[in-house]
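First comes the structure, then the notes that go with it.
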Amino acid sequence: MKIKTRRYYIYYILKIGGFFIAVFPLRIGLFMATVVGRLIFIFGKKERRTAIDNLRNSFPEKSETEIRDIAISVFINLCKNGVEWVNMHYKLNAGNIDRWVTVEGRDIVDRALSRGNGVLMLASHFGNWELIPVYFLLKGYYGGVIARRIYFKGYDNFISGLRTSKGAIVVYRDESPKKILKILKNNGIVGILADQDVDSVDGVFVDFFGRKAYTPKAPVALAMASGAALIPCFMIREKNGHRLIVEKPIEIVEKTDKEDTIKLNTQAWSQIIERYIRKYPEQWVWIHRRWKTAPHETLPEKAESTVHK
């Protein structure tokens, strides 16, 4: 009962806090996010420890001071994302999106859509990833996102409402993949996040920062099933806004065995994500236990699923 009550308190704090964030100019909200991010780093012992341990293992060449500075920036980036997310809901529209985002490679998406099989937009928990589908929707593209269902209706409605306010179709990962395939069949874009260790979805182990990381199969499996282009995208936070970079599609290399095909191509896109994280380490979510599943573990039987977001 205590946990349930606390959830309601947090939910109403988010609703009221979101209103006040939207009232203030964005620059003030981002300044406040910097302060709050530093405070969470100080008091969030568990998350701070996870971030620092992950960074140490991934960047053994960096000093403790560098590791700590990156970790602080991770918390600040996440708080800024929250502020921008609320502002996106209330203030962002087709008329001002270009002041928020500059883009490189939008023509890659257009060429892929010209084939008529849709696009699987492969994002990661990097920069402000929620801004990627918003950008394309405000530019007139059709599509949706794959999301994790939050089993507290208030939270789920709040977050889903922010996503659908710009026209996104939300497909929960525990729903039938047919809903995803329908969007792709209609030549739409489906945003997918697959850079976390989620042992409830089907995955493979690939090399990621020199260690074996359990990684969802869904992006490659959906691309194979639908013929959709699998395109990595990154929304990079910059001093005065964001830069969206669209990478070339992953060319699916087929092996004799389907599982080998999935593993080979999952490794290919994981390497692209790693390249961006190495360049901008402060913009990835290091507080996640990315390597929690060990390769020798026997994983539970998984139901039909898509991917975590």
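Tabulated data for the structure shown
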quantity: Cβ-Cβ under 6 Å pairs, at least 6 apart or on other chains, region 158-169 side of a type in the set (A, V, I, L, M), far side not in a helix (DSSP H, G or I); calculated: 168/144; 168/145; 169/144
quantity: Residue count for region 142-179, restricted to those that are hydroxyl-bearing (Ser, Thr, Tyr) and within 16 Å of residue 192 (Cα to Cα); calculated: 5
quantity: Members of region 162-178 that are within 19 Å of residue 97 (Cβ to Cβ) and part of a loop (DSSP other than H, G, I, E, B); calculated: 165, 166, 167, 168
quantity: Wholly enclosed strands (runs of 3 or more DSSP E) of region 99-161 bearing at least 1 residues surrounded by fewer than 15 Cβ atoms within 10 Å (Cβ to Cβ) and either in contact with a Cys (Cβ under 9 Å, 6 or more places away or on another chain) or not aliphatic (A, V, I, L, M) (or both); calculated: 101-104
quantity: Close pairs (9 angstrom Cβ cut-off, 6 or more residues apart or separate chains): closer than 13 Å to residue 249 by Cα in region 93-118, surrounded by fewer than 11 Cβ atoms within 10 Å (Cβ to Cβ) and of a type outside the set (A, V, I, L, M, F, W, C) anywhere; calculated: none
quantity: Hits in region 149-182 (condition: in contact with a strand residue (DSSP E or B) (Cβ under 7 Å, 6 or more places away or on another chain) and either under 30 Å from residue 95 (Cβ atoms) or of a type outside the set (Val, Ile, Thr) (or both)); calculated: 149, 160, 163, 164, 168, 169, 170, 171, 172, 173, 179
quantity: Any pair with Cβ under 7 angstrom, 6 or more apart, that starts in region 239-259 at a residue that is at negative phi and ends at one that is modelled with pLDDT of 95 or more and basic (Lys, Arg); calculated: 246/106
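The values are calculated or read from the model by the stated rules, or taken from the named source; none is laboratory data. All values reported here derive from a predicted model rather than from experimental measurement. FYI the Cβ positions are ideal-geometry reconstructions off the backbone, even for glycines, and counts take in every protein chain you see.
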